[in-house]
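Here it is, the structure, as structure tokens.
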Amino acid sequence: MAVERLRANQTGTGSNEWKWDQVLEVFVDPKSYLWLGIAMLPNLGASVTNVFGPTLINGFGFDKFITTLLTMPFGALQTIAILVGCYCAQKLRYKSPVLLFLMLIAVAGCIMLYTQAVTVPFGTQQQQISLGGYYLLAFLFGGNPLIVSWIIANTAGQTKKSVIMAFFNAASAAGNIVGPLLFKAQDKPRYAPGALAVMIIFVALIVIICIQVAILFLFNKQRERQRVAAGKPKKIHDTSMDAKFQNFGADEHDGHLGDSGIKDVTGEYFYNLILVH
């Protein structure tokens, strides 16, 4: 059943063979560079929670014990965001809308942090706004598992997947290294420039996600035209997304792909296969 689902989603069952042509395709595929941005930007902004959050709360005048207590809801919201985000993506059968929604919540948190830093006098109201904005940033972490699964679901070929995930880890690490540099000691305790920088980063992330969605949509339309030109059905029903299992190709209108769907080939080579076989 697992193999049949892999046949349906056309990403292959894996291979121990290293294929340099797939490595080359990573560098010529425009999606690869967008995946890098989608991996790096959230981790650039994540520093606002690791560096800025505890310092922000401590700046309210609380001791270290109260500061620790006030950071606990942030962890709880992280867990909720991850679980709810994954559940919604599974139910909707789409990851990008859920990912965009989570990022918009994070942007709202940044807006709250920045506006209170430059417009609201320091006091109880400022603390409430800052703390609320800080807690909203927890939804950022709900996007991490969605990003990984989105990349894997749209990358075929074992070597290509390996290279893409290596780039993902490198981009994530780079984001974690550079991110803390956005917050400078002289900007304490509100860190207005850092909050503004993170807000811009999250907006850029939303733009990149939208561009990636558009590219995937255009690629899918191109494949449909290629199939029609080759006398194949325009649409292929992806049975891997169905809640109830069924063998792929059981419906002849979907186009039976035989073993092509489980071969260790990338999307480009895969469609060449199904057009000629």
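What follows draws every value from the coordinates through simple rules; no lab data is involved. Everything quoted here is computed from the prediction, not taken from an experiment. Here Cβ is always computed from backbone atoms with ideal geometry, including for glycine, and neighbour counts include all displayed protein chains.
Can you flag which of K161/K232; K91/K235; K160/K234; K95/K221; K95/K244 are past 24 Å Cα-Cα?
Working: K161/K232 28 Å; K91/K235 22 Å; K160/K234 26 Å; K95/K221 19 Å; K95/K244 20 Å.
From K161/K232; K91/K235; K160/K234; K95/K221; K95/K244, over 24 Å: K161/K232; K160/K234.
Treat the count of other C-beta atoms within 10 Å as a stand-in for reagent exposure and order K91, K19 from fewest to most.
Numbers: K91 10, K19 17.
By the 10 Å Cβ count, ascending, the order reads K91, K19.
What translational diffusion coefficient, to the nearest whole µm²/s, does the range 166-227 have by Stokes-Einstein, given a Kirkwood radius computed over alpha-carbon pairs, a temperature of 4 °C and 1.567 mPa s viscosity? Spell out each step's value before the answer.
On the way: Rh = 14.5 Å.
D = 89 µm²/s.
With a point put 7 Å past each Cα toward its Cβ, work out how far Q186 is from A173 in nm, to one decimal.
So the two model labels end up 3.2 nm from each other.
In addition: Could you sort 177-186, 154-163, 203-212 so that the peptide with the highest average Cβ count within 10 Å comes first and the rest follow in order? Write out the running numbers ahead of the final one.
Details: 177-186: 14.4, 154-163: 21.6, 203-212: 17.2.
Ranked from most to least packed, the peptides come out as 154-163, 203-212, 177-186.
In Å³ and rounded to a whole number, note down the convex hull volume per residue for the Cα atoms of the range 107-205.
Values: hull volume 8.9 nm³, N = 99.
Measuring per residue, one finds 90 Å³ for the Cα hull of the range 107-205.
Around K221, under 14 Å between beta carbons, what's the net of Lys plus Arg minus Asp minus Glu among the other residues? Please list the in-between numbers first.
Working: positive: R223, R225, R227, K234, K235; negative: E224.
Net of charged neighbours comes to +4.
So, in Å, what gap is there between the alpha-carbon centers of the range 122-167 and the range 169-224?
Going from one Cα centre to the other spans 10 Å.
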